[in-house]
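The structure under discussion appears below in the form of structure tokens.
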């Protein structure tokens, strides 16, 4: 009888310890480990992000908040001032971009950071 009780207690303890809450990030992380930043370029990594996510509101004809991100020189100017990274990282003191949605994924932000650290090359 005692062996049966110990068996059921062991099963119960096992079941309780296995019932925990996990989310996707617990299993897969934030994907920065899988983010290839070995060859970040303006043309392949930074400019397409600006075209897809920013230029519809921040272009030559529509400079929302006076910001134009339609070409290298303008993007470089905002990157040099720190406002580009401040806004896409949703840092305090900056208007978060995009304003009505989640920030860019961590890998994309990391690639833009690498580009800034690599002296904002027009490559």
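The values are calculated or read from the model by the stated rules, or taken from the named source; none is laboratory data. Quantities reported herein were computed from a predicted structural model and do not represent experimental measurements. A quick note on method: Cβ atoms are made from the backbone with ideal geometry, for glycine too, and the neighbour counts reach across all protein chains shown.
Take residue 92 and tell me if it is modelled with pLDDT of 95 or more and outside any helix (DSSP H, G or I).
Numbers: modelled with pLDDT of 95 or more: yes; outside any helix (DSSP H, G or I): yes.
Judged against the criteria, residue 92 is a match.
Considering the range 84-109 alone, what residues qualify as being in contact (Cβ under 8 Å) with a residue 40 or more places away in the chain and touching a helix residue (DSSP H, G or I) at 6+ places or on another chain (Cβ under 9 Å)? Those that are in contact (Cβ under 8 Å) with a residue 40 or more places away in the chain and touching a helix residue (DSSP H, G or I) at 6+ places or on another chain (Cβ under 9 Å): 97, 98, 104, 108.
Within the range 97-119, the set of residues being outside any helix (DSSP H, G or I) and within 19 Å of residue 77 (Cβ to Cβ) comprises 97, 118, 119.
Note on the range 95-116: among residues that are modelled with pLDDT under 95 and farther than 13 Å from residue 50 by Cβ, the one that is surrounded by the fewest Cβ atoms within 10 Å (Cβ to Cβ) is 100. Selection of the range 71-84 for residues being buried (at least 17 other Cβ atoms within 10 Å of the Cβ), more than 17 Å from residue 57 (Cα to Cα) and under 18 Å from the mean Cα position of the chain (by Cα) yields only 79.
Which helices (runs of 4 or more DSSP H) does the range 1-89 wholly contain that include 2 or more residues that are modelled with pLDDT under 90 and farther than 17 Å from residue 117 by Cβ? Spell out the reasoning first.
Values: elements: 2-18, 24-28, 47-53, 72-81, 83-88.
The qualifying helices (runs of 4 or more DSSP H) are 2-18, 24-28.
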